[in-house]
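The values are calculated or read from the model by the stated rules, or taken from the named source; none is laboratory data. This one's a predicted model, so the numbers in the text were calculated from it and none came from an experiment. No Cβ is skipped: glycine too gets one built from the backbone with ideal geometry, and neighbour counts run over all protein chains shown.
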Amino acid sequence: MTKKILHHPRSGRYLAWAVVGLLLVFPVITADVGGAESKSRGPIIDMHLHAFPADFLGPPGKLNPVTGKPSAAIATEEIMAASLANLKRFNIVKAVLCGPDRELLDKWKAASPDRIIASPMINGKSSPQDPHYNIASLRRDYLAGQLGAMGEVTAQFQGLSPNDPALKPYFALAEELDLPVGVHMGPGTQRGASPLRMSLGNPLELEEVLVRHPNLRLYVMHAGWPYLQEIKALLHNYPQVYVDLATLPWLWPREEFHYYLEGLMRAGYGKRLMFGSDQLFWPEAIEMAIAGIESADFLTEEQKRDIFYNNAARFLRLEQ
């Protein structure tokens, strides 16, 4: 397969530093991976699923940072098949799928057209000659139904604020077409030569974007961790903004995740929190992420249903 990578040639290396940083910073925890399937549940929407080539951030067979073992699925095709099987197994009826390889995105969507919402990664430094970044081409693909969302917007990994001028045409297109847009905000690393800056993950960096595009349907990925007060301020002033909880339920220590989640619930934002797995290269992380939400005993069953499905269905306008 000839890969059509939707990234600047160096961006994979920068993102790789960020993933390595997460693996080093956060301790290995024991996930309640057995409990996710044991309970009957309604449908789930995953707002943060990835289609990565197995060798995108290093050699295939990367160790799951929680279990310390590689997945049974190692090759690109195996990761896709196992992830899609887990979507079916856990009644995940819709998943926003993002990745750097357009051909691979198309392959996932063809394999599960009713579940997959394909979404190209946007980093802000890709060549304007790349046909996948040409605004006219993107508009055509959205109108044709080949793509259904925008993001993950990974500008932070390039050392860019989401308010950078390079991203203006993409946000304008998303507002014009009323597309859901997911922006990476928060976790990463400054190791090596990476231009990523944690300060650029402050959710308040999005404020000028929201002022410029008041009808933008935007969600903050990773709930803007660790900026709890800042994400609460953004949610307070911009009621159109939602967040996904991706990565936090399974990669973070449970105590830290529950502290962050409970802070958002206490502030009254339970109707704008959405489930996301961010399974990366580990299909089993889908189950682990579900278990992380279910383990939050301070949530009512109704609140869990909101996070797993209702809030995302409203955000994606599935009820219309």
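Those residues that are at negative phi, hydrophobic (A, V, I, L, M, F, W, C) and touching a residue at least 40 places away in the same chain (Cβ under 8 Å), I need them from the stretch 234-283; list them, please.
245, 246, 248, 250, 251, 252, 264, 273, 274, 275, 281, 282 - these are the residues of the stretch 234-283 that are at negative phi, hydrophobic (A, V, I, L, M, F, W, C) and touching a residue at least 40 places away in the same chain (Cβ under 8 Å).
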**OP:** Sort out for me the helices (runs of 4 or more DSSP H) sitting completely within the stretch 249-320 that have 3 or more residues that are surrounded by fewer than 18 Cβ atoms within 10 Å (Cβ to Cβ).
**Re:** 254-266, 301-305
Original post:
On the given criteria, is residue 241 surrounded by fewer than 15 Cβ atoms within 10 Å (Cβ to Cβ) and either touching a helix residue (DSSP H, G or I) at 6+ places or on another chain (Cβ under 8 Å) or farther than 16 Å from residue 180 by Cβ (or both)?
Top reply: no
Original post:
Within the stretch 58-97, restricting attention to residues that are within 25 Å of residue 312 (Cα to Cα) and charged (D, E, K, R), which residue is surrounded by the most Cβ atoms within 10 Å (Cβ to Cβ)?
Top reply: 94
Original post:
Counting only residues that are among the basic types (Lys, Arg) and within 25 Å of residue 177 (Cβ to Cβ), how many does the stretch 215-235 have?
Top reply: 1
**OP:** Starting from the stretch 83-109, take each residue that is closer than 17 Å to residue 54 by Cβ and list its partners that are surrounded by 22 or more Cβ atoms within 10 Å (Cβ to Cβ) and of a type in the set (Ser, Thr, Tyr), counting only C-beta distances under 7 angstrom and pairs at least six apart or across chains.
**Re:** 97/119; 98/119
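Determine whether the stretch 107-118 contains at least one residue that is assigned to a strand (DSSP E or B), within 23 Å of residue 45 (Cβ to Cβ) and small (Gly, Ala, Ser). Steps first, answer last, please.
Filtering the stretch 107-118 for residues assigned to a strand (DSSP E or B) gives 116-118.
Filter once more, keeping what is within 23 Å of residue 45 (Cβ to Cβ): 116-118.
Add one more test, that the residue is small (Gly, Ala, Ser), and what stays is 118.
Yes, there is a match, as at least one residue in the stretch 107-118 is assigned to a strand (DSSP E or B), within 23 Å of residue 45 (Cβ to Cβ) and small (Gly, Ala, Ser).
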Subject >> Residue satisfying condition, being touching a strand residue (DSSP E or B) at 6+ places or on another chain (Cβ under 7 Å), more than 27 Å from residue 87 (Cβ to Cβ) and at pLDDT 95 or above, within set 228, 316, 264, 216 >> reply: 216
